[in-house]
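In what follows, a structure is listed as structure tokens, so that the remarks can point back to it.
The values are calculated or read from the model by the stated rules, or taken from the named source; none is laboratory data. Note that the structure is predicted; figures quoted are calculated from it, not measured. Cβ sites come from the backbone with ideal geometry, for glycine too, and all protein chains shown count toward neighbours. SASA here: full protein model, heavy atoms, side chains in, ligands and nucleic acids out. Shrake-Rupley method; radii C 1.70, N 1.55, O 1.52, S 1.80 Å.
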Amino acid sequence: MKKGFAFDPVDNILRYFDNSGKMIPDKIQNDQGNWSIINSSTGEIIAQGEVKFGGQVYLFTNKSDGKIITGFQKKGNSKYYYDATRGSKTFGERKISGAWYLFDDTTGAMKVGLQSVSRQNKVSYYDNQGKMVHGELKLNGHWYYFNDITGGMIKGFKKINNKNKTVYYNSNGWMVSGQKKINGSWYHFNEITGAMSMGFTYLSKKHKTVYYNVLGKMVKGWQIIGNHQYYFQPSTGARVSGSNNIDGRNYKFNNNGVFLGFTQRVLNWFYNRVGN
């Protein structure tokens, strides 16, 4: 049994049923306190323009025929959406024809651009058609990434599988490039792609070669990498070469930074033995 306001999506009309399930025969008061007449034959409420009934906003035609308009509607510079099933204006997030949209909580105006969705504690981007964007997007010279499922703006490290790279997005959601200190460790991100560097990397602006481990962190001090031993300056991470005094002792390294000492000879012996 129907009670209260009921939208008929077949005829696009609105009716009202009392507590006993009967249609009101003559007139009804809207939420603004104004009276609207009711067609005694069909039970449809006759109104014009936007009218609020039972806490829901409906858009009636201006023909006094009781018909309710649904779908996207443009008024001035804003667009609104009236649900085809419920007949009423939409507020907040709504999925329409497979795409997510955001409508102002107060006015119902469709939002575009970067928007804070407070109920879900996220920031999302809606294109010029109002559709939520997922994945990578370049805005005003900066690259962003929006979660593939929720559309929420990503911050921090992100592995982009289809491009086989790990990148980092700062507190603004911008992809970073170059050197960056994160949680006490130095990282490097490719100046063009933003890909996190791993292995030996030459930093042309700093005129030094450094090494980033599998987590992307710059290493320092003595390191065994592959079949060789290296030393990286504790302050800058720069790989040393030539003759260097380390902790009061002199050590020699070739032009590629490989240590030319007893430890290296042991490593060479070990790897040659394993290889044989």
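Residue order by solvent-accessible surface for Thr90, Thr61 is Thr61, Thr90, largest first, with ligands and nucleic acids left out and a 1.4 Å probe. Result for the chain in a Gaussian network model with C-alpha springs under 10 Å: among Ser235, Ser36, Ser171, the largest mean-square fluctuation is at Ser235. 3J(HN,Hα) couplings calculated from phi for segment 84-101 with the Karplus curve 6.51 cos²θ - 1.76 cosθ + 1.60 (θ = phi - 60°) are, in sequence order, 6, 8, 9, x, 9, 5, 9, 10, x, 6, 8, 8, 10, 6, x, 10, 8, 10 Hz; Gly and Pro show x. In this structure segment 132-187 gives 56 Å² per residue of accessible area when probed at 1.4 Å with all protein chains present. Nonpolar atom fraction for segment 104-255, defined as the carbon and sulfur part of the 1.4 Å probe accessible area, stands at 44 percent. Here is the P(r) of the chain: all C-alpha pair distances, binned every 10 Å from 0, give 6, 20, 17, 14, 11, 10, 8, 7, 5, 3, 0 in whole percents.
In a fully extended conformation the segment linking Tyr202 and Ser78 would gain 39.5 nm over its present Cα-Cα distance, using 0.36 nm per residue. The largest-to-smallest principal axis extents of the Cα set in segment 1-75 are 39, 28, 22 Å. Cα centroid separation, segment 2-71 to segment 85-115: 23 Å.
The Cα trace of segment 205-266 gives Rg and Dmax of 11.4, 36 Å, the first to one decimal, the second as a whole number. Between Met198, Met132, Met175, find the one with the highest GNM mean-square fluctuation for the chain; connect C-alpha pairs within less than 10 Å. Comparing Met198, Met132, Met175 in the GNM, the peak value goes to Met198. Database remark: amide H of Phe72 closer than 5 angstrom to the amide H of Tyr82 (H placed geometrically; neighbours at sequence offset of 5 or more, or on other chains; Pro and chain starts carry no H).
For segment 1-44, what is the convex hull volume of the alpha-carbon atoms per residue, in Å³? All intermediate terms of the calculation are to be shown ahead of the outcome.
Details: hull volume 3.4 nm³, N = 44.
For segment 1-44, the hull spanned by Cα atoms encloses 76 Å³ per residue.
When the surface is traced with a 1.4 Å probe over the full set of protein chains, Tyr211 keeps roughly 50 Å² accessible. When the chain is modelled as a GNM with alpha-carbon springs shorter than 10 Å, which of Arg239, Arg86, Arg119 fluctuates the most? With Cα springs under 10 Å in the chain, the top fluctuation among Arg239, Arg86, Arg119 is at Arg119. Computed 3J(HN,Hα) for segment 62-70, one whole-Hz value per residue from the Karplus formula 6.51 cos²θ - 1.76 cosθ + 1.60 where θ = phi - 60°, is 8, 9, 6, 9, x, 6, 9, 8, 10, glycine and proline marked x. The fraction of Cα-Cα pairs per 10 angstrom bin, counted from 0 for segment 1-129, comes to 12, 40, 28, 16, 4 percent, rounded to whole percents. Ligands, DNA and RNA excluded, the heavy atoms of Thr209 present near 30 Å² of accessible surface to a 1.4 Å solvent probe.
May I ask you to derive the FRET efficiency for Val10 and Trp35 from their Cβ-Cβ distance with R0 = 35 Å, giving the value to the nearest 0.05? The value I calculate is 0.85. To the nearest ten degrees, helix 262-275 and the longest principal axis of the Cα atoms of the chain are 70 degrees apart.
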